Amino acid sequence: MNNRMKTKLIYIISGKRKTKLTVQVADTQGKIEKGLMLVEKLPENEGMLFVFSRKIYGGFWMKDTLIPLSIAFVDSDGEILNILDMEPCKGNECPIYDPKLSYRYAIEVNIGWFEKNRIKEGDYVKFN
């Protein structure tokens with residue numbers, strides 16, 4: 001993982017369950033564009049939190065991303081709106097993974113992490 005990025009601990013609330021996740025924070029255009037490109041391994045309970053300055057539309061793509069990821073699209077209030085699985089893509093013809101709704105944050109983790117931790121749409125992310 002990139003040591004220049006700040007990390008923070010977030011919690012995902014599913015009913016009475018709280019799941020911890022350590023995330024690198026991508027909160028500038030450059031960091032958001034780079035994302036997890038060229039990362040060869042993501043530790044089990046780690047991921048990346050994308051922070052946008054306002055609600056946005058549009059999706060993510062996996063160009064030059066080496067590992068399969070799951071992504072949660074999160075509203076301003078922390079509600080998980082949509083979760084998608086994304087496959088690595090090495091060429092220039094990479095699919096766009098679009099939640100087809102507006103969101104303020106996105107969280108990328110190893111593929112299947114949300115499912116394994118029984119995290120689903122409607123659960124909440126606590127950022128503090």
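The values are calculated or read from the model by the stated rules, or taken from the named source; none is laboratory data. Fair warning: this is a prediction, and the values are worked out from it, not measured in the lab. Glycine also receives a Cβ, built like all others from the backbone with ideal geometry; neighbour counts cover every protein chain displayed. Side chains included, ligands, DNA and RNA excluded: accessible areas come from the protein's heavy atoms. Shrake-Rupley method; radii C 1.70, N 1.55, O 1.52, S 1.80 Å.
Quick one: is E121 surrounded by 15 or more Cβ atoms within 10 Å (Cβ to Cβ) and within 21 Å of K18 (Cβ to Cβ)? Here the answer is no, as E121 does not meet what is asked.
Here S70 qualifies as over 18 Å from M5 (Cα atoms) and in a strand (DSSP E or B). Residue pairs whose Cβ atoms lie under 9 Å apart, separated by 6 or more positions or on different chains, with the first residue in segment 86-106 and over 19 Å from L49 (Cα atoms) and the second hydroxyl-bearing (S, T, Y) and surrounded by 15 or more Cβ atoms within 10 Å (Cβ to Cβ), are C89/T65; K90/T65; C94/T65. Considering segment 1-31, the residues that are among the hydrophobic types (A, V, I, L, M, F, W, C) and at pLDDT 95 or above include one that is nearest to K63 (Cα to Cα), namely A26.
Among residues belonging to segment 32-67 that are basic (K, R) and assigned to a strand (DSSP E or B), point out the one that is surrounded by the most Cβ atoms within 10 Å (Cβ to Cβ). Going through the qualifying residues, I end up with K63.
Across segment 73-110, the number of residues qualifying as of a type outside the set (F, W, Y), assigned to a strand (DSSP E or B) and open to solvent by less than 30 Å² (accessible area, probe 1.4 Å) comes to 9.
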